[in-house]
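The values are calculated or read from the model by the stated rules, or taken from the named source; none is laboratory data. If you're wondering where the values come from, they're calculated on a predicted model, not measured in any experiment. Methodologically, a virtual Cβ is constructed for each residue, glycine included, from the backbone with ideal geometry; neighbour enumeration extends over all protein chains shown. Side chains included, ligands, DNA and RNA excluded: accessible areas come from the protein's heavy atoms. Shrake-Rupley method; radii C 1.70, N 1.55, O 1.52, S 1.80 Å.
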Amino acid sequence: MLRSADALRERASGLREMLSPCRLCPNACGVDRLAGEIGRCGVGRSPRVASYGPHFGEEAPLVGDRGSGAVFFAGCNLACVYCQNWTISQGREGRDLTEESLAELFLRLQGSGCTNLNLVSPTHQAHAVVGALAVAVGEGFRLPIVWNSGGYDAVDALRLLEGIVDVYMPDVKYGTNGAAERLSGVSDYVEVSQHALAEMHRQVGSLAIGADGVARRGVLVRHLVLPGGMAGTVEVMEFLGTAISSDTFVNVMDQYRPCHRAGEFIGLGRPITGEEHAAALRAAADAGLHRLAREGSAW
Ligand code: SF4
């Protein structure tokens, strides 16, 4: 990642300009966050964090020996009806920090020996993340940066992260906008996530993993399979395999459980079946994708 505090401050300043009117993410709410207004993500100018600590539940290439250093940001620019962290994402449980105190969290995770800094749901707080990194590098921070987003990222903001983020780990949640609108409240998810993925891949390429099994740089995509094919898995895999790269590392996730408001939506009130997950894996293979995360393994 960029090691120069001056360069990071300049990028943070560019991201901060996007807060007024706010277009930091594709929702483009237009509120003035610098003046204290709040948009759809529910977070103002200051960073807001729910929790942080070493995390061992991520994909093997991110965890290493001492865990991935996760920082869970409060608020979200999506509103998924089945979100398992909805008290944080939509209830916005968390604590407002300064960029200096956020930098301290980053340094504490490094001090714990974490493999990387894993920014969970950072899209709407990108300005504060980079501002905090500028402070932290001045104090010796050097961990690789993982951008763990919902995939609804603005290309203009991503361009300001070039050279800062080592591993992009976006969700690609949907292959159709109808499902995205009904289940996450955005009507252009497919185009937005496709443009975001292309930009992420342009910056860092396909996932490169060192001889120690730890991810060095690249894109790692997550796709949560929903019951009844609601996530548009076939379309997602076709896009990844053809428009991005057949070398894309993909975690086809089977852990969907009905949470939050899922019970209000027909078809979402049950876990997926083994056959549904197998069909999703077949769709990935049919699209030429050959680097699929499997339980207990990097591949
Ligand atoms: S970052 Fe928040 S306020 Fe800004 S456009 Fe996105 S949802 Fe709206």
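With no solvent and one equal point scatterer placed on each C-alpha of the chain, evaluate the Debye formula and give log10 I(q)/I(0) for q = 0.09 Å⁻¹, two decimals.
Debye output, listed in q order: -0.40.
For helix 99-111, report the angle its Cα long axis makes with the longest principal axis of the Cα atoms of the chain; keep it between 0 and 90° and round to the nearest 10°.
Once rounded, one gets 70 degrees.
Multiply the residue separation of ARG282 and SER46 by 0.36 nm, subtract the distance between their alpha-carbon atoms, and state the gained length in nm to one decimal. Spell out each step's value before the answer.
Values: separation 236, 0.36 × 236 = 84.96 nm, distance 4.38 nm.
Length gained, ARG282 through SER46: 80.6 nm.
Solvent-accessible area per residue for the range 35-168 at a 1.4 Å probe radius, Å²? Mind dumping the intermediate values first?
Values: 4750 Å² over 134 residues.
So the range 35-168 comes to 35 Å² accessible per residue, rounded to a whole number.
Can you tell me the 0 to 90 degree angle between the C-alpha axis of helix 126-138 and the longest principal axis of the chain, rounded to 10?
Around 50 degrees separate the two axes.
Report for the chain the percent antiparallel among DSSP-assigned beta bridges with both residues inside it, nearest 5.
Details: 12 of 33 bridges.
Within the chain, antiparallel bridges account for around 35 percent of the total.
Just how far, in whole angstrom, is the range 14-67 from the range 71-89 if you go by their alpha carbon centroids?
If you average the Cα positions of each part, the centres end up 11 Å apart.
Under 4.7 Å Cβ to Cβ, no partner at all: give me those cysteines from the chain, in residue order.
CYS22, CYS25, CYS29, CYS41, CYS76, CYS114, CYS259
Counting only helical runs of four or more DSSP H residues, what would the 222 nm mean residue ellipticity of the chain come to if each run contributes -39,500 (n - 2.57) and the total is spread over all its residues?
-9500 deg cm²/dmol
Please list, by residue number, every one of the trypsin sites (Lys or Arg not before Pro) in the range 101-180 that is coil in DSSP and has at most 11 other beta-carbon atoms within 10 Å.
Working: sites: ARG108, ARG142, ARG159, LYS173; in loops: ARG142, LYS173.
Hits after loop and neighbour filter: ARG142.
Just to be sure I understand: with springs between alpha-carbon atoms less than 10 Å apart, which residue in CYS29, CYS76, CYS114 has the highest mean-square fluctuation in the Gaussian network model of the chain?
CYS29
What is the distance in Å between the Cα centroid of the range 216-239 and that of the range 142-165?
What the calculation gives is 19 Å, centre to centre.
Quote the relative contact order of the chain in percent (integer), defining contacts as alpha-carbon pairs under 8 Å separated by 6+ residues.
Values: 661 pairs, mean separation 48.7, N = 299.
After rounding, I find 16 percent.
How much of the accessible area of the range 147-299, probe 1.4 Å, is carbon plus sulfur, in whole percent? Walk me through the numbers on the way to the answer.
On the way: 3150 of 6210 Å².
Carbon with sulfur: 51 percent of the solvent-accessible area.
Cα axis of helix 189-204 to longest principal axis of the chain: angle in degrees, 0 to 90, nearest 10?
60 degrees
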